[in-house]
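Notes follow the structure.
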């Protein structure tokens, strides 16, 4: 009897602890969601309405393309325009970085894993170096060069810069994956007359698709979330990413608060979706690399 | 033509042979090497070089002045830098003293079997995936003086009777930034701990149970020592991230009030890109890099020492 009571007690404590942990994770997001579907009038009520009495979804609709309500100000219209351009730019940047990293990264990883090129282990040092140094040390000379060349405020430049930060990790991760594929498979294909390049793209790449997925998802997510590099290397409204668009409006007091909350929720959906959909690949990669970005 | 000394010519042939042998491999790594060296290694060396100069960016008609160690000495004697450094250490200490025990407890909870465990573990990825800027926006909403959730909660529990503009007080602004930072970093740390926990063989615990070890004994003598490599990773990452913290400060406080949240990551941005003190900022970045390197080595030594003891 006492043993059963004790177990019951333990289970109750355990449940409370799990719930506390979930609250820590979810409560801040919940408030962002609540403020994104409140009206401005309801948001300033004291005490707050934890569940909006008149949920308001117009902000989401206007951000995603519906015409904004007639009452909305010029400021709201410009926020919406900036946000939409930002979404497109973020998508272009993330896609560009992912393509560059996967293409060049898999070629380099193959050279290290298969062609007997020495120094594959050293990639990890470049990786650690890139992680450990304040990014400002690297960016100041780059900023000078890019300014001198008149290449500021260009999306391709942002893509190349971000690729540099993620390429070492992608090479490291893919090299590990390529090494797990038995050499015999490739050799058999090459005996049958396939070239090296053919072996890479017909045998290695399909077999290491989990690795390519993990590296690709990681790169896309990190590029989508990037802030510092776009902040420094872009300036006009047409090149701003979605993170910059949001940052631009946070500090202002005349901001439409509920609209910006909705923008924040929308901007978080792609990375959250990617992280959840590919969590198995992603976690395996992150844990093995011990890298958090 | 005189003969090239034999040693030199053989070395040249060896390099030539190496290039021929690895021709394909070299072509394959060329794009990556160009990107990494062009955009990482070269700028690094260049920033070391300009750290000895005053470049006079804002007055370009004056030629760069060679300062020797001038930038370094003015950094080491600057009160601004010392304060920013102190705040960064504060962030790191909070991240380590609160963040690591919290992350470890989360991992211990997740390591037990319970219904919907897979779902809960997935949710832990969300704070890591949320863009830094949205994290800032979210906490700006929570700390807001007029409709923040923090004010709302405290008001409803009767702890405060008037809403408080939290981020206006220099005494607590940095703490609030640090708490917001914990939200985004603790869940990923706990997933790393969880991976470490799951790699500990169950037999060790069984054997300890046979020997009559209590729960605490098992934790202190099996779990903690076997987690030391994950612990090292988390310590290193948390320290590095304290020195790199930028997004949250930019969004929540812009370094204020009264510079009370001007941490190193933000100070580097202000000096480097707002005031355009390129030489000075490069020198500071290099000093920080050196210091982080030293810290990493110290952590590794300390943890290895513990491992040897256990």
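Observations
- When region B:180-204 is filtered for residues that are in a helix (DSSP H, G or I), surrounded by fewer than 14 Cβ atoms within 10 Å (Cβ to Cβ) and without any contact (Cβ under 8 Å) to a residue 24 or more places away in the chain, the ones remaining, listed by number, are B:202, B:203.
For (1) within 8 Å of chain A (Cβ to nearest Cβ); (2) surrounded by 13 or more Cβ atoms within 10 Å (Cβ to Cβ); (3) modelled with pLDDT of 85 or more; (4) within 30 Å of residue B:281 (Cβ to Cβ), each residue gets a yes or a no:
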residue: B:8; (1), (2), (3), (4): no, no, no, no
residue: B:12; (1), (2), (3), (4): no, no, no, no
residue: B:16; (1), (2), (3), (4): no, no, no, no
residue: B:19; (1), (2), (3), (4): no, no, no, no
residue: B:22; (1), (2), (3), (4): yes, yes, no, no
residue: B:36; (1), (2), (3), (4): yes, yes, no, yes
residue: B:44; (1), (2), (3), (4): yes, yes, yes, yes
residue: B:50; (1), (2), (3), (4): yes, yes, yes, yes
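- Between B:249, B:236, the distinction of being in a helix (DSSP H, G or I), farther than 22 Å from residue A:246 by Cβ and touching a residue at least 40 places away in the same chain (Cβ under 8 Å) belongs to B:236 only.
- So residue A:118, is it surrounded by fewer than 23 Cβ atoms within 10 Å (Cβ to Cβ), at pLDDT 90 or above, more than 8 Å from chain B (Cβ to nearest Cβ) and farther than 20 Å from residue A:208 by Cα: no
- Residue B:273 being under 15 Å from the mean Cα position of the chain (by Cα) and facing another protein chain (nearest Cβ under 9 Å): no
- Set A:231, A:276: member being in contact with a helix residue (DSSP H, G or I) (Cβ under 8 Å, 6 or more places away or on another chain), exposed (fewer than 15 other Cβ atoms within 10 Å of the Cβ) and at the interface with another protein chain (Cβ under 10 Å from one of its Cβ atoms): A:276
- Every residue from region B:162-176 that is under 20 Å from residue A:27 (Cβ atoms), more than 9 Å from chain A (Cβ to nearest Cβ) and more than 30 Å from the chain's Cα centre (by Cα): B:164
- Reported count of residues in region B:73-120, each being surrounded by fewer than 17 Cβ atoms within 10 Å (Cβ to Cβ), within 11 Å of another protein chain (Cβ to nearest Cβ) and in a helix (DSSP H, G or I), is 5.
- Those residues of region B:139-161 which are at the interface with chain A (Cβ under 7 Å from one of its Cβ atoms) and either farther than 17 Å from residue B:173 by Cβ or part of a loop (DSSP other than H, G, I, E, B) (or both), in sequence order: B:146, B:147, B:149, B:152, B:155, B:156
- Residue among B:256, B:279 that is over 19 Å from the mean Cα position of the chain (by Cα), within 12 Å of chain A (Cβ to nearest Cβ) and crowded, with 19+ Cβ neighbours inside 10 Å: B:279
- Any hit, region B:297-308, residues being crowded, with 24+ Cβ neighbours inside 10 Å, within 12 Å of another protein chain (Cβ to nearest Cβ) and in a helix (DSSP H, G or I): no
- Conditions (1) within 13 Å of chain A (Cβ to nearest Cβ); (2) touching a residue at least 24 places away in the same chain (Cβ under 8 Å); (3) crowded, with 20+ Cβ neighbours inside 10 Å; number of the one not met by residue B:126: (3)
Here's the yes/no breakdown for (1) closer than 19 Å to residue B:134 by Cα; (2) more than 12 Å from every other protein chain (Cβ to nearest Cβ); (3) modelled with pLDDT of 95 or more:
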| residue | (1), (2), (3) |
| --- | --- |
| A:41 | no, no, no |
| A:46 | no, no, no |
| A:59 | yes, yes, no |
| A:65 | no, yes, no |
| A:72 | no, yes, no |
| A:80 | yes, yes, no |
| A:91 | yes, yes, yes |
| A:108 | no, no, no |
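Every residue, every condition in (1) over 27 Å from residue B:105 (Cα atoms); (2) touching a helix residue (DSSP H, G or I) at 6+ places or on another chain (Cβ under 6 Å), yes or no:
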site: B:137; (1), (2): yes, yes
site: B:145; (1), (2): yes, no
site: B:149; (1), (2): no, yes
site: B:162; (1), (2): yes, no
site: B:166; (1), (2): yes, yes
site: B:171; (1), (2): yes, no
site: B:188; (1), (2): no, yes
site: B:191; (1), (2): no, no
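- Those helices (runs of 4 or more DSSP H) lying entirely in region A:174-293 with at least 1 residues under 17 Å from the mean Cα position of the chain (by Cα) and under 20 Å from residue B:248 (Cβ atoms): A:209-225, A:228-233, A:242-250, A:257-277
- For region A:23-62, the set of residues classified as touching a residue at least 12 places away in the same chain (Cβ under 8 Å) and assigned to a helix (DSSP H, G or I) consists of A:32, A:33, A:34, A:35, A:36, A:40, A:42, A:43, A:59, A:60, A:62, listed by residue number.
- Evaluating residue A:11 against the criteria (1) loosely packed, with under 13 Cβ neighbours inside 10 Å; (2) within 13 Å of chain B (Cβ to nearest Cβ); (3) more than 30 Å from residue B:188 (Cα to Cα) leaves one unmet condition, (3).
The values are calculated or read from the model by the stated rules, or taken from the named source; none is laboratory data. Fair warning: this is a prediction, and the values are worked out from it, not measured in the lab. Note that we place each Cβ from the backbone using ideal geometry, even for glycine, and neighbour counts take in every protein chain shown.
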